[in-house]
Number of protein chains: 2
Amino acid sequence: MCIMKNNKKEIFKGESLKLAEFAKAVSHPARIEILKILAEKNSCICGEIVLEIPLAQSTVSQHLKELKSAGLIAGEIDGPRSCYCLNAEGIAVMRRLFEGLFAVIETDNIKCKC
Amino acid sequence: MCIMKNNKKEIFKGESLKLAEFAKAVSHPARIEILKILAEKNSCICGEIVLEIPLAQSTVSQHLKELKSAGLIAGEIDGPRSCYCLNAEGIAVMRRLFEGLFAVIETDNIKCKC
DNA sequence: TGACTTTATCGTATGTTTACGATAAATGTG
DNA sequence: CACATTTATCGTAAACATACGATAAAGTCA
């Protein structure tokens, strides 16, 4: 049926929608920390993330899942342990979209009449 | 009392927390569109935003409030009409934080062993 | 094989976001 | 002054996000 009273996001055009999705993916400090940890370690790690983030293991796993579904990280299940790492392409796409927005809302040349 | 079972965001350190707040502010396409409209018009407008965004007036007003409380726009109530414009300082702060993150998670030099 | 480790997923509680209509507040207009 | 216009706020419903514990799944190791 798809009533969707509270989700009109599809109304908006592609670029803003995609950017909003990336923004949502990084809209929680734990997820930002996870990205930083993965960058800092310069390699894939697994349960080490859980040790560094003061949240329950299941919660961290959930945040990892969100980052993965946003395309910012990649994960490989490898037996009992999982291996996550940054996804260069996804990060590049996000960066391009954000920089596009920043360029548009560059305020140097905007004179506000308020 | 402040039991806060579902809000552990304050646990995280300042920079990630602040970045997450900005990210949340732009995590809805309507809010991104509003920023773009304000930039494009190169001036403060009021109900014109409502005409350009396919959402109810009260909903747009709510989005404007969020952008304002995030520090990305400024608004002046001027009698029956309001006047919003981009907030250069807030946008600059957000940009700096995002670019700091992008620099950290720059993946050119990260070799994934997955 | 049985115990252990590691991680994902399920179930659930609680809080937050998104959306709308209705209404209030502030001001201008006939 | 009554009325229209404009916008914020209130109330509310539905959906989503966040967090946890419990448990399942899939491997390792003694």
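The values are calculated or read from the model by the stated rules, or taken from the named source; none is laboratory data. Treat the numbers as computed from the prediction; the structure is a model and nothing was measured. Cβ placement follows ideal geometry from the backbone for every residue including glycine, while neighbour counts extend to all protein chains displayed. Only protein heavy atoms, including side chains, enter the accessible area calculation; ligands, DNA and RNA are left aside. Shrake-Rupley method; radii C 1.70, N 1.55, O 1.52, S 1.80 Å.
The residues listed here are A:Lys68, A:Lys18, A:Lys41, A:Lys9; of these, the one that is closer than 16 Å to B:Ser27 by Cβ, free of Cβ contacts under 8 Å to residues at least 24 places away in the same chain and open to solvent by 10 Å² or more (accessible area, probe 1.4 Å) is A:Lys9.
Any residue in segment B:7-24 that is more than 10 Å from chain A (Cβ to nearest Cβ) and not aliphatic (A, V, I, L, M)? Yes, because at least one residue in segment B:7-24 is more than 10 Å from chain A (Cβ to nearest Cβ) and not aliphatic (A, V, I, L, M). Filtering segment A:16-37 for residues that are at pLDDT below 95 and of a type outside the set (A, V, I, L, M) leaves an empty set.
Scan segment B:25-57 for residues that are near DNA strand D (Cβ under 10 Å from one of its atoms) and part of a helix (DSSP H, G or I) and the total you get is 5. Residues considered: B:Phe102, B:Phe22. Of these, the only one that is of a type in the set (Phe, Trp, Tyr), away from DNA strand D (no atom under 16 Å from the Cβ) and in a helix (DSSP H, G or I) is B:Phe102. Residues of segment A:56-72 that are more than 9 Å from DNA strand C (Cβ to nearest atom), within 12 Å of A:Ile34 (Cα to Cα) and out of contact with any Gly (no Cβ under 8 Å at 6 or more places or on another chain): A:His63, A:Glu66, A:Leu67.
Screening B:Arg81 against (1) away from DNA strand C (no atom under 11 Å from the Cβ); (2) of a type outside the set (Val, Ile, Thr); (3) exposed (fewer than 14 other Cβ atoms within 10 Å of the Cβ) leaves a single unmet condition, (1). Given the criteria out of contact with any Lys or Arg (no Cβ under 9 Å at 6 or more places or on another chain), closer than 23 Å to B:Leu55 by Cα and within 13 Å of DNA strand C (Cβ to nearest atom), does A:Lys8 qualify? The answer is yes for A:Lys8.
Within segment A:69-99, restricting attention to residues that are assigned to a helix (DSSP H, G or I) and of a type in the set (Val, Ile, Thr), the residue that is farthest from B:Leu86 (Cα to Cα) is A:Ile91.
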